[in-house]
Amino acid sequence: MIQESLMPILAQLPNPEPQAPPGAEQILGVVGNIKWGAGVALLVGFFVGVLVWAGGRWVDHHRAGKVGVVMMLCALGGGILYGIGYQLLTHFAGV
């Protein structure tokens with residue numbers, strides 16, 4: 001009974017279009033800067049790993065060579081996650 005009397009009133013309420021909140025462009029700018037910094041950090045990590053690996057092999061220090069290889073593999077793994085992260089998030093979010 002109450003539902004029947006409220007439905008015509010609720011049907012008249014407008015459905016506004018979604019709007020971005022104030023400051024959304026600045027937030028997206030900060031996120032873009034963080035993403036850029038993460039990409040630079042991955043590149044730096046990879047090339048520092050190459051230097052550590054080469055230095056370890058040059059002075060015949062096997063542990064430094066292994067550390068360099070681990071640094072390069074971590075940078076490659078991070079690069080893969082960096083590349084597919086957005087697609088995974090949007091897929092799981094259903095956007």
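For segment 67-77, check the following and say yes or no: at least one residue is surrounded by 15 or more Cβ atoms within 10 Å (Cβ to Cβ) and either under 16 Å from the mean Cα position of the chain (by Cα) or of a type in the set (Phe, Trp, Tyr) (or both). Checking segment 67-77: at least one residue is surrounded by 15 or more Cβ atoms within 10 Å (Cβ to Cβ) and either under 16 Å from the mean Cα position of the chain (by Cα) or of a type in the set (Phe, Trp, Tyr) (or both). Just the residues that are more than 39 Å from the chain's Cα centre (by Cα) and small (Gly, Ala, Ser), please, taken from segment 3-32. Of everything in segment 3-32, those that are more than 39 Å from the chain's Cα centre (by Cα) and small (Gly, Ala, Ser) turn out to be Ser5, Ala11. Do you know which of the residues in segment 1-29 that are β-branched (Val, Ile, Thr) and exposed (fewer than 10 other Cβ atoms within 10 Å of the Cβ) is nearest to Ala75 (Cα to Cα)? Ranking the candidates gives Ile9 first.
Just so you know, all these numbers are worked out from the coordinates, no wet-lab data involved. Computed from a prediction, not measured in an experiment: that's the story for all the values here. Cβ: placed from backbone, ideal geometry, glycine included. Neighbour counts: every protein chain shown.
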